[in-house]
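Each remark here refers to the structure printed beneath this line.
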Amino acid sequence: MKAIKEIFPLLSSPRKVVITTHQKPDADAMGSSLALYHFLTGFGHSVTVISPTNWAGWVDWMPGARLVLDYEKNRVKADAIMDDTDWLFCLDFNIFHRTKSMTDKLKDLACTKILIDHHQEPDSTSFTFGISDTSKSSTCEMIYDFIVDSGNADKLTMEINECIYAGVVADTGSFRFSSTHAGVHTLVADLKTRGLDHGKVHEKLFDNFLENRLRFTGNVLLNRMEVFYEYNTALVAIPKADLIKYQIKTGDSEGLVNFPLSIQGIKLVALVIDRDEERKWSFRSKGEFDCNTFARKYFEGGGHYNASGGRSSESLDEAVENFKKAMIENKNLLQ
Ligand code: 5GP
Ligand code: MN
């Protein structure tokens, strides 16, 4: 994989470009894709953003979100656009299988593939150009760097600034996680100097839900959370019946995994949701527990040191039992 800066000189010649990201894109995935979309469109490139799946309603406000193609709903059209593209940008993921049903398509494409991502263990051999940097707070921060480092800071429009800020806020837990290095605040200061209305973005991200989501959260914390003080661990297991009862849609469970971390002494939180196709895990830790290693070892997943995800193919009850075994095995690391 050649350094990302090697494509800077190529930006000025218009090309056909596809931008894609991981399945069920969150604010960082969608924000980085749309920020890059607006930036490249400004250069005269012909750009399409393709999401492997649908996304949460609370990223729909992002400028350009309505132009994004949902691969599951527009497969023929999206395949034709990808077959014809010169460049493929892969943002906020680093291995093709995180795009689920797009995996084989992405592998087979003969175009130039470019990676911009901040997760661990990238599949670098699959990309022609790229940057993979786990010290970055978010992919949105990396898109900001891409724009500024390529000498185009003057092209940071308000649309781009809002998308970037949203992803940075989301991936840093509102500037709380240890990934919030000094440069993140410098970035925000720059966006503010350029006129960003940060309050507007916070409102769109955090005060933009339906009543059912809040009641679902209440139900989960009251009825679905188990705390294992001996292991400084909390487990939240959400059965399918809850998803149906509260009419839960993509993205409605985002952030739920963070609540139990507010309990004094809790080091690890695991949340599992009984989805149709799999039991989907989220892991969060405080301090010295490596969620990435844990997810890779036990749940076919990965991510970051303090935030990761994974999957189980067994039933919810079996998946929960497997988690408890893994927790006990990790007793020394959790105390
Ligand atoms: P979340 O719990 O918010 O879904 O994911 C937390 C972090 O773990 C994110 O950075 C996400 O990219 C990563 N992650 C979530 N699920 C998986 C997975 O199945 N495989 C890998 N490699 N990473 C995941
Ligand atoms: Mn991210």
Worksheet item: From the residues in segment 298-308 that are closer than 17 Å to ILE95 by Cα and away from ligand 2 (no atom under 16 Å from the Cβ), which one is surrounded by the fewest Cβ atoms within 10 Å (Cβ to Cβ)?
Response: GLU300
Practice prompt. Filter segment 126-185 down to the residues that are modelled with pLDDT of 95 or more, in a loop (DSSP other than H, G, I, E, B) and among the hydrophobic types (A, V, I, L, M, F, W, C), then identify the one that is surrounded by the most Cβ atoms within 10 Å (Cβ to Cβ).
Written response: PHE127
Item to complete: Mind listing just one residue for me: the one in segment 108-125 that is within 14 Å of ILE95 (Cβ to Cβ) and part of a helix (DSSP H, G or I) and, of those, nearest to ligand 2 (Cβ to nearest atom)?
Response: SER124
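When you go through PHE89, PHE43, PHE96 one by one, which is the residue that is modelled with pLDDT under 95 and aromatic (Phe, Trp, Tyr)?
None of the others qualify; the one that does is PHE43.
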Response to the item:
When restricted to VAL220, VAL184, VAL236, the only residue within 16 Å of ligand 2 (Cβ to nearest atom) and closer than 22 Å to ALA307 by Cβ is VAL184
Worksheet entry | Residues being more than 6 Å from ligand 1 (Cβ to nearest atom) and either closer than 20 Å to SER137 by Cα or not aromatic (Phe, Trp, Tyr) (or both) - total across segment 292-314 | 11
Practice prompt. Could you identify the single residue in LYS286, LYS325 that is basic (Lys, Arg), surrounded by fewer than 21 Cβ atoms within 10 Å (Cβ to Cβ) and in contact (Cβ under 8 Å) with a residue 12 or more places away in the chain?
Written response: LYS286
Worksheet entry | Residue tally, condition surrounded by fewer than 24 Cβ atoms within 10 Å (Cβ to Cβ) and closer than 20 Å to GLY251 by Cα, over segment 31-54 | 3
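The values are calculated or read from the model by the stated rules, or taken from the named source; none is laboratory data. All values derive from a computational prediction rather than experimental measurement. Positions of Cβ are backbone-derived with ideal geometry, glycine not excepted, and every protein chain shown enters the neighbour counts.
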